[in-house]
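The values are calculated or read from the model by the stated rules, or taken from the named source; none is laboratory data. Predicted model, so just to flag it, every value in this text is computed and none were measured. As a convention, Cβ positions derive from the backbone with ideal geometry for all residues, glycine included, and neighbour counts pool all protein chains shown. Remember, those area values only see protein heavy atoms, side chains included, never the ligands or the DNA or RNA. Shrake-Rupley method; radii C 1.70, N 1.55, O 1.52, S 1.80 Å.
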Amino acid sequence: MVNSISNNVVCSGPYAGSSENGVFVAVDVSVQTSPNMLNSDLIENFNIDAGGFTAIGPDGVTSNVSPYTAASLSCLSEAELLPTTIGPGENAKGKVLLDLQSPSGTLVLEDWWTDSAWEWTYPG
């Protein structure tokens, strides 16, 4: 579940730097996995990271830059981030940090395992 989306990110990580694409956007997420999620030999855990997101600008144009950058990995402290792997029957909460070109638009998250996608409007 997406709890909030903010483009007012203050970096707190020990190696924090500036956005490479223009602006950091934090997606605050809560995740609860099923104890029975391992229904395939291919799925060992669940994760959401910046690489699964696509940004669409306020002009309706899909961004061609990756929201997953070295800067997005070092901006926040590890304690603030969503864990990189979440196992069966676990609850987790944290932020997924995106490095985007625009402070507003639409975010799309695609899950290739379930052939599902979700989208959210983010602030400007």
In the chain the accessible area split gives carbon plus sulfur, as whole percent at 1.4 Å, a share of 50
Could you give the length gained by full extension between Ser30 and Trp118, i.e. 0.36 nm per residue of separation minus their alpha carbon distance, to one decimal place? 30.2 nm
With every protein chain left in place and a probe of 1.4 Å, what is the accessible surface of Tyr68, to the nearest 10 Å²? 110
Within the stretch 62-98, which GluC sites (Glu not before Pro) sit in a loop by DSSP and count at most 16 neighbouring Cβ atoms inside 10 Å? Glu90
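Tell me, what is the percent relative contact order of the chain, built from C-alpha pairs under 8 Å that lie six or more residues apart?
Working: 274 pairs, mean separation 42.8, N = 124.
For the chain, the relative contact order is 35 percent.
Could you state the accessible area per residue of the chain in Å², with a 1.4 Å probe and every protein chain left in place? Could you put the intermediate results ahead of the total?
Numbers: 7330 Å² over 124 residues.
Each residue of the chain exposes 59 Å² on average to a 1.4 Å probe.
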For the stretch 4-124 the translational diffusion coefficient, Stokes-Einstein from a Kirkwood Rh over Cα pairs at 10 °C and viscosity 1.306 mPa s, in µm²/s, is roughly 106
Label-to-label distance, nm, for residues given as Gln101 and Thr84 (7 Å Cα→Cβ offset): 2.8
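Determine the gain in length on full extension of the stretch Ser77-Val65; use 0.36 nm per residue of separation and subtract their C-alpha separation, reporting nm with one decimal.
On the way: separation 12, 0.36 × 12 = 4.32 nm, distance 2.37 nm.
Separation in residues times 0.36 nm, less the Cα-Cα distance, equals 2.0 nm.
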